[in-house]
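Working notes for the structure below.
The values are calculated or read from the model by the stated rules, or taken from the named source; none is laboratory data. Keep in mind it's a predicted model, so treat the numbers as computed, not measured. Because the Cβ atoms are built from the backbone with ideal geometry, glycine has one as well, and the counts that use them run over all protein chains shown. The area values use the complete protein model at the heavy-atom level, side chains included, leaving out ligands, DNA and RNA. Shrake-Rupley method; radii C 1.70, N 1.55, O 1.52, S 1.80 Å.
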Amino acid sequence: MHEETSPTDPYRLPLERAYRHALRWVRGLDERPVGAPADIPTLRRALDVGLAQNGLPPERVIDELAAAAEHGLHGSAGGRFFAWVVGGSVPASLAADWLVSAWDQNAALQACAPAAAVVEEIAGKWMLDLLDLPADASFAWTNGCQLAHTTALAAARNSVLARAGWDVESDGLSGSPGIRVLANAHHHGSTARSLRLLGFGARATVRVDTDQLGRIRPEALETALAEHAGPKIVLLNAGDLNVGSFDDFASLIPMAHAAGAWVHVDGAFGLFARASPAYRHLTEGIELANSWATDGHKWLNVPYDCGFAAVRDVEAHRASMALGASYLTSATDGRDEMDWNLEWSRRARGFPVYAALRELGRDGVTSMVDRCCQHCRDIVAGIGALEGAEALHEPVLNQGLVRFTPPQPRATTQDWDEHNDATITKINATGEAYLSGTTWQRRRAMRVSVVNWMTSEQDVQRTVDAVRSVLSSR
Ligand SMILES: *Cc1c(COP(=O)(O)O)cnc(C)c1O
């Protein structure tokens, strides 16, 4: 019963096949091994079929792609993937993401994609509201937190240099007064890269000392601020990757402002603590910052390609991003997306966010945040209670740490590290859960990151059971 793609209805078969493959994938997440079973050479063999001279019917391309890629897919959309910080997709956002591709709008300009522009504007307002950031802040929907940082830090660069009498947009950085970046010593690599791309050499960043939980010591920031005269940016963390801790915004931000610094917050996942009455206190004072970066594709559970930057100083944001070329139609009512972010042609990524926020509502987001934090605590406590394991820290939010005890009586640091990495590999090989290693206080450990709306109490139990089986079979 071979069907041919119809010349008059060319999309029907490939889209129907994609629909079937997609539905089979998401429905099967609970049964399939969580970690991708195939290794890289196997995937190359399956997928490198050569660039053919002649094309193929689209439905056949889709069937073969789905079959060849499947063994190289992690079940990260499902409830037992706790490695790195990887969210899933709530159903309406996944479906809206399909429509984004079908509609194929270029969300650069209002004139080019009117509905996309309006939806992005609305989703941005909702996001500021949900995270309780200043309602009149400007914002940008970016492809991830990396570019949200770059966007916000470009605005910061504009502003702190303007205050020193330097117009960086016209005169560049060469010969400028120079900017010091005082950053939480545990800042994420993405902020370091954004700074580098913006022309701040790595040596412009001063690592500010933190406590055991990765929070800046207020006296260390005070000293650093006093030591460095001239334009300054302070980089704070909302949500440490290992234990989920937060900088003390309420005391650090006023201190930074008194020294004339711009304060940027990396809240890739942690900013969502603000959407929960139970965790909101961790973010107290965060609203005082000058800019914030977060992700949609992590804790909001929309498909990949979604970050969000918010900037208090609308003019600095616009001055650092807008093209101002007169041939482009400038929106007379509302915003042209390209005036606020680093892209020109771009995906209409506001639609999945809009859909997710409508599906969840405020209560849905709160409940998702609370559930993830509870599940993280339960996994860490469950594993921590097992023979051969210990909880390193009670999770502050949704990120936790455990460590495995090597069998040798007088184990060296190297024994500890090797045993932890080997145990994580064995846990992942069970196919029951997937986790990643991390280095915390110079030692290897296993990180538990829960940011998926699907994770359930059964998933917690299955994960703890899988770890128990690995520890008892050694
Ligand atoms: C994931 C993450 C980033 C980078 O975000 P992308 O969306 O991957 O670009 C930055 N900071 C923290 C704390 C993160 O967890």
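In µm²/s, what is D for the chain at 25 °C and 0.890 mPa s, where D = kT/(6 pi eta Rh) by Stokes-Einstein and Rh is the Kirkwood radius from Cα pairs?
Once the numbers are plugged in, D ends up at 102 µm²/s.
Which trypsin sites (Lys or Arg not before Pro) in region 416-449 pass both tests, a DSSP loop state and at most 16 other beta-carbon atoms within 10 Å?
Qualifying residues, ordered by number: ARG442.
Could you calculate the FRET efficiency of TRP103 with ALA411 from 1/(1 + (r/R0)^6), where r is the beta carbon distance between them and R0 is 60 Å, rounded to 0.05?
According to the calculation, E is roughly 0.55.
In percent, what relative contact order does the chain have, based on Cα pairs under 8 Å that are 6 or more apart in sequence?
21 percent
Residue-wise, which Karplus ³J(HN,Hα) couplings in Hz belong to region 294-304, taking 6.51 cos²θ - 1.76 cosθ + 1.60, θ = phi - 60°, and x for glycine or proline?
Karplus values, whole Hz, x for Gly and Pro: 8, 10, x, 7, 9, 6, 6, 6, 10, x, 4.
Can you compute the helix-only [θ] at 222 nm over the chain? Use -39500 (n - 2.57) per DSSP H run of at least 4 residues, normalise by all residues, nearest 500 deg cm²/dmol.
Estimated from H runs of four or more residues: -13000 deg cm²/dmol.
So, in nm, how far is label TRP344 from label ARG60 when the simple model puts each one 7 Å beyond its Cα toward the Cβ?
Using points 7 Å along Cα→Cβ, the separation is 3.7 nm.
Taking a probe of 1.4 Å, how large is the accessible area per residue of the chain, in Å²?
Spelled out: the 1.4 Å probe surface of the chain, per residue, equals 45 Å².
At a Förster radius of 60 Å, what calculated FRET efficiency corresponds to the Cβ-Cβ distance of ASP211 and THR8, to the nearest 0.05?
0.35
Indicate, rounded to the nearest 5 percent, the antiparallel portion of the DSSP beta bridges found entirely in the chain.
60 percent
With a 1.4 Å probe and all protein chains left in place, how much of the accessible area of the chain comes from carbon and sulfur atoms, in whole percent?
The nonpolar share, carbon plus sulfur, comes to 53 percent.
Need the full-extension length gain, ALA322 to ARG203, defined as separation in residues times 0.36 nm minus the C-alpha distance. One decimal, nm.
Stretched fully, the ALA322-ARG203 segment lengthens by 40.0 nm.
Pull up the cross-link candidates among the aspartates and glutamates for LYS125, meaning alpha carbon to alpha carbon under 13 Å and not fewer than 8 places away within one chain.
Excluding near neighbours in sequence, the set is ASP136.
Can you list which of the DSSP-assigned H helices in the chain have a Cα extent of 15 Å or more along the long axis and an average Kyte-Doolittle score of at least 0.5?
Once both thresholds are applied, what remains is 91-103, 114-130.
Contour minus end-to-end for TRP25 and MET255, with contour as 0.36 nm per residue of separation and end-to-end as the Cα-Cα distance?
Net length gain for the segment: 77.8 nm.
To the nearest 0.05, how large is the calculated FRET efficiency for THR439 and ALA226 if R₀ is 30 Å and r is the Cβ-Cβ distance? Numbers along the way, then the final one.
Values: r = 32 Å, r/R0 = 1.05.
With R0 = 30 Å, the Cβ-Cβ based efficiency is 0.40.
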